[in-house]
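Peer 1: Here you go, one structure.
The values are calculated or read from the model by the stated rules, or taken from the named source; none is laboratory data. Not measured: the values here are computed from a predicted model. With ideal geometry, Cβ positions are generated from the backbone for all residues, glycine too; neighbour counts draw on all protein chains shown. These accessible areas exclude ligands, DNA and RNA; they are computed on the full protein's heavy atoms, side chains included. Shrake-Rupley method; radii C 1.70, N 1.55, O 1.52, S 1.80 Å.
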Amino acid sequence: MKDMIPALHGTAVYNPALLSKEELLQDFIARQEILEELVEDCRRNPENSPPQHHLIIGLRGMGKTTLLHRLRYAIEDDETLSEQYLPLIFPEEQYNIAHISDLWLNCLDALSDMLEQRQQGELTDKLDDKIDLLLEQPREQKAQSALELLLELAEQLDHRFVLLLDNFDMILDRLTEEQQWLFRRLLSEESKILLIGASSQMLEATY
């Protein structure tokens with residue numbers, strides 16, 4: 001019986017992003033109740049209204065990263081939710097963020113990765129070309145253009161994007177107060193973006 005259980009990748013035990021889907025589903029045990037609550041909240045979100053966002057707070061090592069990856073699969077595997085949402089997963093540490101434009105570009109990169117995994121090569125190539133053009137723009141213009149492209153693609157694909165952002169406290173720390181308020185305004189008004197973030201500490205900005 002022991003030989004039938006697939007072995008976990010050594011370093012992946014500490015990095016859920018390196019686990020296969022089967023390994024992560026097998027290993028996910030402790031946070032089932034929270035997962036079910038998040039999935040049910042996704043079901044209840046009105047289609048044309050700003051969704052209910054979530055921030056998961058817990059100490060490092062409590063399983064927040066694993067929960068975000070498990071939520072991704074729960075959405076993708078659910079027939080109803082997969083018709084409404086596209087979950088975007090990100091690297092645990094997003095060190096390249098120095099401006100809100102970097103956040104939106106990361107979202108576009110995550111979308112490109114997701115489309116490639118779904119073998120939508122033509123759409124992926126077109127998106128990558130647009131991202132390359134965005135990189136040449138001045139920072140403030142780039143932020144606006146990247147966000148507009150993200151929302152345009154949400155309309156085109158007829159799905160809401162679920163931003164599964166780990167270490168959300170680190171991301172906010174890298175944004176100016178003005179950029180934080182722009183982000184907050186977007187989340188309160190835009191129906192196509194759902195944020196489910198994780199943080200190891202309570203955030204002053206959340207108040």
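Peer 1: Apply 1/(1 + (r/R0)^6) to the Cβ-Cβ distance of D78 and M202, taking R0 = 25 Å, and write down the FRET efficiency to the nearest 0.05. Let's see the in-between values first.
Peer 2: Working: r = 31 Å, r/R0 = 1.23.
About 0.20, to the nearest 0.05.
Peer 1: Could you check the simple spin-label distance between Q117 and R174, using points 7 Å along Cα→Cβ, in nm with one decimal?
Peer 2: 2.1
Peer 1: Treating the angle as unsigned and between 0 and 90°, give the value, to the nearest 10°, between the Cα long axis of helix 64-77 and the longest Cα principal axis of the chain.
Peer 2: 90
Peer 1: Report the local net charge at K142: Lys and Arg +1, Asp and Glu -1, summed over other residues whose C-beta lies under 10 Å from its C-beta.
Peer 2: Taking every Cβ under 10 Å from that of K142, the sum is -2.
Peer 1: Would you mind checking the tilt of helix 32-44 against the longest principal axis of the Cα atoms of the chain, expressed as 0 to 90 degrees and rounded to 10?
Peer 2: Taking the Cα atoms of the chain, the angle to 32-44 is about 40 degrees.
Peer 1: So, one more: Can you tell me how much longer the chain between E93 and R184 gets when fully stretched, taken as 0.36 nm per residue apart minus their C-alpha distance, in nm with one decimal?
Peer 2: Length gained, E93 through R184: 30.6 nm.
Peer 1: Mind checking the angle between helix 139-157 and the chain's longest principal axis? C-alpha axes, 0 to 90 degrees, to the nearest 10.
Peer 2: 60
Peer 1: Under the rule of at least 5 residues apart or a separate chain, name every residue whose amide H is placed under 5 Å from the amide H of L55.
Peer 2: G197
Peer 1: Shifting gears a bit: Where in segment 110-153 does the label zone of K21 land, with the point 7 angstrom along Cα→C-beta and an amide N cut-off under 12 Å?
Peer 2: 117-119
Peer 1: Keeping all protein chains in place, calculate the accessible area per residue for the chain (probe 1.4 angstrom), answer in Å².
Peer 2: Heavy-atom accessible area per residue stands at 57 Å².
Peer 1: By how many nm would the segment from I131 to R43 lengthen if fully extended, with 0.36 nm per residue of separation less the alpha-carbon distance?
Peer 2: So the extension gain works out to 28.5 nm.
Peer 1: Could you tell me the relative contact order of the chain? Use alpha-carbon pairs under 8 Å, at least six residues apart, and round to a whole percent.
Peer 2: Details: 241 pairs, mean separation 58.8, N = 207.
Over the chain, the number comes to 28 percent.
Peer 1: Round to a whole number: what % of the accessible area of the chain belongs to carbon and sulfur, probe 1.4 Å?
Peer 2: Carbon plus sulfur share of accessible area: 49 percent.
Peer 1: Taking the Cα centre of the chain as the origin, how large is its charge dipole in debye, to the nearest 20, when only Lys and Arg (+1) and Asp and Glu (-1) carry charge on their Cβ atoms?
Peer 2: Its charge dipole is roughly 500 debye.
Peer 1: Here's a follow-up. Please name whichever of L55, L157, S188 sits farthest to the positive end of the charge dipole of the chain, dipole taken about the Cα centre and charges placed at Cβ: Lys and Arg +1, Asp and Glu -1.
Peer 2: L55
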